[in-house]
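Okay, structure first, notes after.
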Amino acid sequence: MEKTILKLDDTPYETLIPKKFINRKKYTPQNNNLIFAFIPGTIRNIYVKIGEKVKKGDKLLVLEAMKMKNIINSPINGVIKSINVKENQSVAKNDLLIEIQ
Amino acid sequence: MNIISRLFDYFAKKSKIIDENAQIAKQKQAKMGKLTARERIEAILDKGSFHEYDLFVEHKVEDFGMDKKFLPGDGVITGTGMIHGHPVCIFAQDFTVAGGSLGLAHARKITKIMDHAIKLGVPLIGINDSGGARIQEGVNSLAGYGEIFYRNTLASGVIPQISVILGPCAGGAVYSPALTDFVFVVDKISKMFITGPEVIKTVLGEEISMEDLGGAKVHSEITGNAHFFAESEYECFEMIKKLVSYIPWYNGKKAEKFPPKPPKNELKIVDIIPKEPTQPYDVRDIIKSIADDSDFFEVQEHWAANIVIGFSRFDGETVGIIGNQPMVLAGVLDVDSSDKAARFIRFCDSFNIPLLTLVDLPGYLPGIDQEHAGVIRHGAKVLYAYSEATVPKITVILRKAYGGGYIAMCSKHLGADFVFALPFAEIAVMGPEGAANIIFKKEISEAENPEEMRKQKVEEYIQKFANPYKAASAGYIDAVIAPDEVRDYVLHSLFIAKNKVEVRPSKKHGIPPF
C-alpha cells in the first residue's frame, strides 16, 4: 500500500491507498460507433459492406464463441466506415471489428 | 465364525480402509506440501476426541468399471469431535482417494453429518480438498452438490459453518464454502475458482496461473471470498481453534464466557488519535486499548482494509467489532467495505454476539467506478444489517462522522442502544472544508481576500457544527465521554443491555440488498 493524500469534500486526508484502488478500471465513455468483440471467438458471417447504410438493430456479423453464434447488431443508424475482420477469422476480446459513421 | 474371529475380521476391515493406504496417502499429500485428511482432523480436534462415522460407506456405481473400484470411505472422512471442549461436526475430503472427487455416497456422508450438526446444534467444519465432481457418476454427483448447498442454506444462521480450503476446490464445489460463514485458506495450498486456467485459456485466450487466478492471496486480498489467510496448515488450524472459542455452538446459545481481563496495552486513546482530523491512525490500536487482554481476532484482515472487523472480549464475553480504518483510504465506506461489514454484522446478530462500532469516517468513497459498481446497493447492506440487528448495539464516535457515513455506522437512528462520542468528535452533514465552501460560497467569492475568508468560515463552521454537542443536544448521542472512559462505558452498557429483547414485525424473511 502507498501512503498518499486522499481528497474528500475538499479535505486532504493522509492515508494508505490499497493496490485494488490504484488498479481500479479507469472509466472510458462508451462509443457506439466502434463495435468491439465482447468475447474472443471466430467471425462466421459478415452481413454488411463498407459504405453500406445500416439502421439501429440491423445484423452486422456473427461472432461465434462459447459454442454460440452470437449475432451482433448495429447499436446506431449510420454508414459502415470500416470492416477490420474477415469471415472465419478468430478475434481476441476487445478487438475492433467494425466502425460505423 | 466365533466371536473372536469376528472381532479380528472387524479390525481387519477397519484397517483396510484406514491403514492400508495411509503411508501412500501421506507421501502423495506431502509431495504437494499437504497433510492427509486424517492428519488434518487430528490436528484440529482435541487429542483423541474424534469419533468417526460412515467408515464403511461404499459407492454403488457400476458404470465405467467403477464396480471394480474400492474407494475407502468414498473419499471423505466424517465425524464429531471437540475443540477446546466445544463440540463440532467435521468432514474432510481425502484427495488421495479418487482425487477427493464427489460422488453420491461421498456427498451423502457430508449431508448426513450436516444434518447432525443442524439438529444437534453444533458448529460444522468442512475441509475441502477435491478435484471436483466424480465424472463417472454423472448427474448423481451434481445432485450431491445440490444437496450440500441446500443444507448449507438451511444451516445458515442456525449453526456456525466453517470451510477450510486445503487443496483444489473448483467448479460447483466452491459454492458450499461461499454459503458458509467463514472460509480459511492457506498460502500456496488453497485454490478456488469456477472455471480453471485451462478452460479460460481455451474459451477466452487469456493465460493465468492457478495461483494468480484463485490462490489463497487472491481470495484474501482481491475477491473477499476468504476470511482467514494462513501461511501453513498448522497456523490455519490454530486460527480455526481461536475462532471457535469466540462463537457459540448454535443460535440458541451465547459464546463461552472467559475470565475477564483488563487491557494489557499501555496505549491511551488520547495518544492514538492524532490532533489533526486529517491525520491517520490504526483503529486496531484503539480496539487493543479497550478490549480484554488487548485481544483482537481480525476477520478479513487483507481485504477492504478501510474497514476493520473482528472479535474481542469485554468482561470475558465475545463482542463483534466494526471500526472504520482511517489508516486505509481515510476509512471511507465503499462497495467492498460495505459488503464486508454487513455480512459480519449479520453473523454476529444471528449468533447473539453484541456489536461495538467505532466510527471515524469522512463518508462514502466518490468515484465513477464506485457508482458503476453499485455502491448504492452495496452501501445499503450496511444500513440493512445494522437496522435488522437486535443484539446489543454500542457505538463510539471517535472522531469524524460525516453525512451518510454517520447514519450508516450504527447511528441512534438505525437502532443503536447507546451512542457515545469523544469530545473531539465531529458529527456533521459533511466535512468543515466542503461545507464552508458550499454554505459560504458567495461570501468567499465576493471577499477581498477569498482565501482568508474561506479559512475564517471553515473555522466558524468547526466551532458551530464540527463537534459532538449539536448531535448531543438533539439526543442523538447518549453521552459525550472522555477518552479514558470508553472501556468503562462500553463494559457498563454491554452489561445493561444483556437482557435486551427487541420485537420486530413478523415476516417470512427480509429482502436485504444482496
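The values are calculated or read from the model by the stated rules, or taken from the named source; none is laboratory data. Being a predicted model, the structure only gives us computed values, none of them experimental. Heads up, the Cβs are rebuilt from the backbone with ideal geometry, glycines too, and the neighbour counts pull from every protein chain shown.
Computed values, structure above
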| quantity | calculated |
| --- | --- |
| Number of the exception - B:Lys441 against (1) of a type in the set (D, E, K, R); (2) under 22 Å from B:Phe495 (Cα atoms); (3) surrounded by fewer than 19 Cβ atoms within 10 Å (Cβ to Cβ) | (2) |
| Filter result for A:Thr42 (surrounded by 13 or more Cβ atoms within 10 Å (Cβ to Cβ) and either part of a loop (DSSP other than H, G, I, E, B) or at the interface with chain B (Cβ under 7 Å from one of its Cβ atoms) (or both)) | no |
| Check on B:Glu433, touching a helix residue (DSSP H, G or I) at 6+ places or on another chain (Cβ under 8 Å), of a type in the set (Asp, Glu) and within 20 Å of B:Pro483 (Cβ to Cβ) | no |
| Test set (1) more than 14 Å from chain A (Cβ to nearest Cβ); (2) at positive phi; (3) without any contact (Cβ under 8 Å) to a residue 12 or more places away in the chain - B:Asp293 fails condition number | (3) |
| Segment B:44-93: number of residues that are more than 26 Å from B:Gln161 (Cα to Cα) and touching a strand residue (DSSP E or B) at 6+ places or on another chain (Cβ under 8 Å) | 0 |
| Residues that are surrounded by fewer than 21 Cβ atoms within 10 Å (Cβ to Cβ) and either of a type in the set (S, T, N, Q) or outside any loop (DSSP other than H, G, I, E, B) (or both), drawn from segment B:82-95 | B:Met82, B:His86, B:Pro87 |
| Per-region count, segment B:400-443, residues of a type in the set (Val, Ile, Thr), within 14 Å of another protein chain (Cβ to nearest Cβ) and within 14 Å of B:Asn467 (Cβ to Cβ) | 1 |
| Any chance B:Ile397 is away from chain A (no Cβ under 14 Å), under 27 Å from the mean Cα position of the chain (by Cα) and part of a helix (DSSP H, G or I) | no |
| B:Arg346, sole failed condition from (1) surrounded by 24 or more Cβ atoms within 10 Å (Cβ to Cβ); (2) part of a helix (DSSP H, G or I) | (1) |
| Pick from segment A:65-89, criterion within 14 Å of chain B (Cβ to nearest Cβ) and surrounded by 15 or more Cβ atoms within 10 Å (Cβ to Cβ), ranking: farthest from B:Glu207 (Cα to Cα) | A:Asn70 |
| Residue, surrounded by the fewest Cβ atoms within 10 Å (Cβ to Cβ), within segment A:1-24, restricted to residues that are polar (S, T, N, Q) and at the interface with chain B (Cβ under 7 Å from one of its Cβ atoms) | A:Thr11 |
| Residue list for segment B:325-337, filter: in contact with a Gly (Cβ under 7 Å, 6 or more places away or on another chain) and within 11 Å of chain A (Cβ to nearest Cβ) | B:Gln325, B:Val332, B:Val335, B:Asp336 |
| Residues within segment B:467-512 that are in a loop (DSSP other than H, G, I, E, B), of a type outside the set (D, E, K, R) and surrounded by 12 or more Cβ atoms within 10 Å (Cβ to Cβ), tallied | 8 |
| Residue within segment B:377-384 that is of a type in the set (Phe, Trp, Tyr) and either under 25 Å from A:Glu14 (Cβ atoms) or in contact with a Cys (Cβ under 6 Å, 6 or more places away or on another chain) (or both) present | no |
| Segment B:26-60, subset hydroxyl-bearing (Ser, Thr, Tyr) and in contact (Cβ under 8 Å) with a residue 60 or more places away in the chain, residue surrounded by the fewest Cβ atoms within 10 Å (Cβ to Cβ) | B:Tyr53 |
| Any chance B:Ala373 is aliphatic (A, V, I, L, M) and at pLDDT below 95 | yes |
| Where B:Gly196 falls short, out of the listed (1) closer than 18 Å to B:Glu301 by Cα; (2) in contact (Cβ under 8 Å) with a residue 24 or more places away in the chain | (1) |
| Residues of segment B:245-267 classified as within 28 Å of B:Ile44 (Cβ to Cβ) and surrounded by 14 or more Cβ atoms within 10 Å (Cβ to Cβ), total | 12 |
| Residue check, A:Val62 surrounded by fewer than 16 Cβ atoms within 10 Å (Cβ to Cβ), out of contact with any His (no Cβ under 8 Å at 6 or more places or on another chain) and away from chain B (no Cβ under 13 Å) | no |
| Exclusive hit being surrounded by 20 or more Cβ atoms within 10 Å (Cβ to Cβ), under 18 Å from B:Ile481 (Cα atoms) and free of Cβ contacts under 8 Å to residues at least 40 places away in the same chain, set B:Thr357, B:Thr395 | B:Thr395 |
| Counted residues, segment B:310-343 - those being in a strand (DSSP E or B), crowded, with 24+ Cβ neighbours inside 10 Å and of a type outside the set (S, T, N, Q) | 7 |
| Meets criteria (assigned to a strand (DSSP E or B) and without any contact (Cβ under 8 Å) to a residue 24 or more places away in the chain) for A:Ile71 | yes |
| Any hit, segment B:85-97, residues being of a type in the set (Phe, Trp, Tyr) and within 23 Å of the chain's Cα centre (by Cα) | yes |
| Where a residue in segment B:113-132 is closer than 24 Å to B:Thr36 by Cα and without any contact (Cβ under 8 Å) to a residue 12 or more places away in the chain and its partner, wherever it lies, is β-branched (Val, Ile, Thr) and part of a strand (DSSP E or B), with Cβ under 9 Å and at least six apart | none |
| Any pair with Cβ under 6 angstrom, 6 or more apart, that starts in segment B:210-222 at a residue that is without any contact (Cβ under 8 Å) to a residue 60 or more places away in the chain and away from chain A (no Cβ under 14 Å) and ends at one that is surrounded by fewer than 20 Cβ atoms within 10 Å (Cβ to Cβ) and not hydrophobic (A, V, I, L, M, F, W, C) | B:Met210/B:Pro197; B:Leu213/B:Pro197; B:Ala216/B:Asp187 |
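This table checks each residue for (1) in contact with a Leu (Cβ under 9 Å, 6 or more places away or on another chain); (2) closer than 26 Å to B:Ile397 by Cα; (3) free of Cβ contacts under 8 Å to residues at least 40 places away in the same chain.
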| position | (1), (2), (3) |
| --- | --- |
| B:Ala428 | no, yes, no |
| B:Lys441 | no, no, yes |
| B:Glu452 | no, no, yes |
| B:Pro468 | yes, yes, no |
| B:Ile477 | no, yes, no |
| B:Asp488 | no, yes, yes |
| B:His492 | no, yes, yes |
| B:Ser506 | no, no, yes |
| B:His509 | no, no, yes |
